Amino acid sequence: MGWAWLILLLATYPWLFAADLASDFTASSGLVIFISGACIVAPCRRLRRWQSVPFAACVGFLFEARRPIPDGALALFLAGAAIFLTSDKQLIRNTPRMLRAAAASNAAACLIWFTFAAGAAGQLGGAKFFSFIPQLIIPVVLAAVTGVVIYIPVSLVQNAAMDRMGIPPASEGPESP
Amino acid sequence: MDQNRQGARASYIALTIFVAIWILLPSAVRRFNREAFSEFQAPALHLAGKGRDLAKFWELKSRSNEEMAAAGRDLARINAALELKLKSMDDVRRENVRLRDITRYKDTADYLSVVARVATRDSSSWWQRIVIRKGRNDGIRPGSPVIFGITVVGRVTAVHLTTSEVDLVTSPSFRCTAYLEGDEQNRIVLVNGMAGNSLGSARARISVIPYDYFQPAGQTTQVFTTGMGGVFPSRLLLGTLESGPLSAKEANFKEGQLIPARDLYNLQEVSVLVPLHQTPGEALLQTDQLQ
């Protein structure tokens, strides 16, 4: 099904929007609830590579659209992450591995947008770099934790959408050579 | 397995080529892409904002008649006081118009006030912004000042069809000139947002404070806009200068921190002052976009 990735994106969007609303509540603390990195893991298990890549890129573009992040920084990173995950499905074979992948993918994506946004705000040059490092820790750790917490409910919705579209389930066992 | 590896390698090469093309693409294409994804999200933002308004409406509707009567009585008192104030302002306005006529003073800073509801707030170390539920369709233009009462909230940075993004006073991209209360010589200081710490409260920096300026003892120092630069009208309140010793960064100047006049993350409604005439800043923006 060629448009499966687009339908899946529409199924995932309420979660992305809910994360934006949660960021609204945490705005006074300067925290962003980021889940885009975790949202690409479950589709990468079942979709084909050429479907996973546009899905991941669109998830990235949706996050970037209303924030001062350089165009495409997060989207292209997520596209790369989708290629990586679909190429080595052993990494997301079972639930503990998927949770680990969700945490890693979300934290890495958060690191990317945070760094690029800092660069765009001119906060990476010279002495400012040393104040940038401590600021990085809280959002990245929060992203890793959020990735783990949010992964199960998001993947339930995504898997239900993929089941309805007739996408074959991913194999739980080790891949045959 | 080999096929899978080959496919992955080909995908990485394709992605690298796409990244190169993406970087080389004209900025208009990237802007169109950003705009398309923003517009996709606009209905959800409106829905969330209207849902919040509806919840507020029902909350107010559930209040007792006694409470409403008390609120009405308070409002009537405030109205009476304001009417009296308006009357006294009328004489001042007439005198002002007369003096302007005599001196042939041309006032270019005319604004159209557009009231907008806040849809969402978004904040990180590198930006503090709100999204409002009015956009290009309502005449809002990039660079327009955003206020609440006489308090400066920020400035419009991006305008979409039905929504706009506003950079708050504390956002690192915000800059404006200001006067400090109590400085009889009206020397100009600079206000610009600071990159905030995660979990910390957002502040702005006041720089170029003259070395011989001292805060009045025992009172807070208010910071007002100058009206220079043609963006903000003059005498709008930016906030207060944080009390305590001011740090000296450069030889003849000191630096302090600005505490915003309002809790910027609890605003429900703001006013966008859209200039009736094109400002020099807008002309520059247009030139940038044409290039």
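The values are calculated or read from the model by the stated rules, or taken from the named source; none is laboratory data. No experiment lies behind these values; they were computed from the predicted model shown. We place every Cβ from the backbone using ideal geometry, glycine too, and count neighbours over all the protein chains shown. The accessibility values were calculated without ligands, DNA or RNA, using every heavy atom of the protein model including side chains. Shrake-Rupley method; radii C 1.70, N 1.55, O 1.52, S 1.80 Å.
Over the range B:2-61, average the accessible area per residue using a 1.4 Å probe and give it in Å², no decimals.
That works out to 70 Å² per residue.
222 nm [θ] for chain B, helices only, -39500 (n - 2.57) per DSSP H run of 4+, per residue, to 500?
-13500 deg cm²/dmol
Mind telling me which of B:F253, B:F174, B:F232 comes out most flexible in a GNM of chain B, alpha-carbon contacts under 10 Å?
B:F253
For a label point 7 Å from the Cα of B:R30 along Cα→C-beta, name the residues of the range A:114-148 whose backbone N is under 19 Å from it.
A:114-125
In square angstrom, what is the accessible area per residue of the range B:109-264 with a 1.4 angstrom probe?
42
Which order, highest average first, do A:147-156, B:177-186 follow once you tally other Cβ atoms within 10 Å for each residue and take the mean per peptide?
Ranking the peptides A:147-156, B:177-186 by packing returns A:147-156, B:177-186.
Which distance in Å, rounded to a whole number, links the C-alpha centroids of the range B:1-30 and the range B:113-141?
35
Please compute the net charge surrounding B:T162, taking Lys and Arg as +1 and Asp and Glu as -1 over other residues with Cβ under 10 Å from its Cβ.
Spelling it out: positives minus negatives among the neighbours equals +1.
Once label points are set 7 Å from the Cα along Cα→Cβ at both B:L199 and B:F253, what is their separation, rounded to one decimal in nm?
Using points 7 Å along Cα→Cβ, the separation is 3.3 nm.
What average count of beta carbons from other chains do you get within 10 Å of the Cβ of residues in B:30-40?
4
Could you look at chain A and say what percent of its accessible area is carbon and sulfur, using a 1.4 Å probe and all protein chains?
The C+S portion of the solvent-accessible surface of chain A is 71 percent.
What net charge is computed for the residues neighbouring A:L156, neighbours being all others with C-beta under 14 Å from the C-beta of A:L156, Lys and Arg scored +1, Asp and Glu -1?
Value of the local net charge: +2.
Within 10 Å of each Cβ in B:197-208, how many Cβ atoms from other chains are there, averaged over the peptide?
Average neighbour count from other chains, rounded to a whole number: 3.
How far apart, in nm, are two points set 7 Å out from the Cα along the Cα-to-Cβ line at A:F84 and at B:T177?
5.0
Could you check which residue among A:A73, A:A143, A:A82 shows the biggest mean-square fluctuation in a GNM of chain A with a 10 Å Cα cutoff?
Largest GNM mean-square fluctuation: A:A73.
Per-residue Cβ counts within 10 Å, from other chains only, averaged over B:56-69: what number is that?
Mean number of neighbouring Cβ atoms from other chains: 0.
So what is the relative contact order for the range B:111-291, in percent, with contacts set as C-alpha pairs under 8 Å and at least six apart?
24
On the protein heavy atoms, probe 1.4 angstrom, tell me the percent of accessible surface of the range B:63-106 carried by carbon and sulfur.
58
How much accessible surface does B:D110 have with a 1.4 Å probe, in Å² rounded to 10?
Accessible surface of B:D110 is approximately 60 Å².
Starting from the Cα of A:R48, move 7 Å in the Cα-to-Cβ direction to define the label point; list residues of the range A:75-99 whose amide nitrogen is under 16 Å from there.
Flagged as within label range: A:83, A:86-87.
Rolling a 1.4 angstrom probe over the protein heavy atoms, how many square angstrom per residue are accessible across the range A:4-165?
Dividing the accessible area of the range A:4-165 by its residue count gives 37 Å².
Total accessible area buried between chains A and B, 1.4 Å probe, in Å² to the nearest 100?
Chains A and B together bury roughly 4000 Å² of accessible area.
What does the helix-only formula give at 222 nm for chain A: each DSSP H stretch with n ≥ 4 adding -39500 (n - 2.57), the total divided by the residues, and the result rounded to the nearest 500 deg cm²/dmol?
-24000 deg cm²/dmol
Which residue, chosen from B:A44, B:N186, B:L258, occupies the Cα position most advanced towards the positive end of the dipole of chain B, where the dipole is computed from +1 (Lys, Arg) and -1 (Asp, Glu) charges on Cβ about the Cα centre?
Positive-end residue among those listed: B:A44.
What order, most packed first, do the peptides B:148-161, B:116-129 have when packing is the mean number of other Cβ atoms within 10 Å of each residue?
For the peptides B:148-161, B:116-129, the packing ranking is B:116-129, B:148-161.
Which residues of the range A:37-73 show a drop of at least 40 Å² in accessible area when all protein chains are present, compared with their chain alone (probe radius 1.4 Å, heavy atoms only, ligands and nucleic acids excluded)?
SASA drop of 40 Å² or more in the range A:37-73: A:R49, A:F61, A:L62, A:A65, A:R66, A:R67, A:P68, A:D71.
Subtracting the Cα-Cα distance from 0.36 nm times the residue separation, let me have the gained length for B:R235 to B:L47 in nm, one decimal.
Gain on stretching B:R235 to B:L47: 64.1 nm.
Roughly how far apart, in whole Å, are the Cα centres of the range B:144-184 and the range B:56-108?
Taking the Cα centre of the range B:56-108 as reference, the centre of the range B:144-184 is 23 Å away.
I want to check the label-to-label distance for A:M165 and A:L6. Put each point 7 Å from Cα in the C-beta direction and report it in nm to one decimal.
Between A:M165 and A:L6, the label points sit 1.1 nm apart.
Return the long-range amide H neighbours of B:E255 (sequence gap of 5 or more, or a different chain), with a cut-off of under 5 Å between placed amide H atoms.
Close amide H contacts, sequence-distant or interchain: B:S247, B:A248, B:K249.
Give me the three principal axis extents of chain A from the C-alpha atoms, as integers in angstrom, largest value leading.
So the three principal-axis extents are 52, 33, 26 Å.
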